[in-house]
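Please read the structure below before turning to the comments.
The values are calculated or read from the model by the stated rules, or taken from the named source; none is laboratory data. Since this is a predicted model, take the numbers as computed values, not measurements. Cβ: placed from backbone, ideal geometry, glycine included. Neighbour counts: every protein chain shown. Accessible surface is based on the protein model in full, side chains and every heavy atom, while ligands, DNA and RNA are left aside. Shrake-Rupley method; radii C 1.70, N 1.55, O 1.52, S 1.80 Å.
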Amino acid sequence: MKFRKTCTVFSIALLVLSGCSESREGNPRPVPSVESSGSVESPAPGTDVGVFGDTKACDLLNQALQGQGYNAGEVSNSGSLNGCQASKSGIAVRLDLDDQQGVDELRGDPSQMYEGDVNGRRAKQLKRPSSPGAGCYVAMEVGAKARAMVLAGFGTNPSVDEACVEAEKLAAAVEPQLPRV
């Protein structure tokens, strides 16, 4: 998997004009409730569940991390309505299945943004060496307005390059399970 740096006058102007807003287009949907077991309830029959259907981020994350010493994934909807995070000594990873934002909505410093692919699927990588949000993000295209995003960050070792190695490895493991749209 290769990522190449993208920094054009247009993308810088677009970033300046758009700021860091998290505005989302589409139909509003209620936030899924979390049961005491930590799993997200299934939507009511007939509810639009988006491009990911009933796929749960924790199912994909746990499968991708199997045998690597991570704790079981826990539902975390801070980055999307279908997110999951897991950790092991010194590193945390998360997976967000977002059916409201595409790869091109990934925001950050253009000098730290790279375009590439994961197993042939269009992707963008964002290296964030400082807080808040330090770590490495890899957003994979699932549709024009849908993406799967992995994040890796070290608590004790702030190396963004090492975090990117973990994020890329996780993205490569998750990608085959994502829908083709």
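Here are some notes:
- Enumeration of residues in region 94-132 that are open to solvent by 60 Å² or more (accessible area, probe 1.4 Å) and hydroxyl-bearing (Ser, Thr, Tyr): Ser130, Ser131
- Scanning region 133-151 for residues that are small (Gly, Ala, Ser) and either in a helix (DSSP H, G or I) or open to solvent by 50 Å² or more (accessible area, probe 1.4 Å) (or both) gives a single hit, Ala144.
- Among the residues listed as Arg128, Arg122, Arg94, the single one being of a type in the set (Lys, Arg) and in contact with an Asp or Glu (Cβ under 6 Å, 6 or more places away or on another chain): Arg122
- Filter result for Gln101 (among the polar types (S, T, N, Q) and assigned to a strand (DSSP E or B)): no
- Criterion: touching a Ser or Thr at 6+ places or on another chain (Cβ under 7 Å) and among the hydroxyl-bearing types (Ser, Thr, Tyr) - qualifying residue of Tyr137, Tyr114: Tyr114
- Set side by side, the residues Gly83, Gly69 differ, and just one is at pLDDT 55 or above and farther than 28 Å from Arg180 by Cα, which is Gly69.
- In region 89-96 there is at least one residue that is without any contact (Cβ under 8 Å) to a residue 60 or more places away in the chain, touching a Cys at 6+ places or on another chain (Cβ under 9 Å) and closer than 21 Å to Lys56 by Cβ.
- Scanning region 152-181 for residues that are under 17 Å from the mean Cα position of the chain (by Cα), among the small types (Gly, Ala, Ser) and open to solvent by 30 Å² or more (accessible area, probe 1.4 Å) yields Ala172, Ala173.
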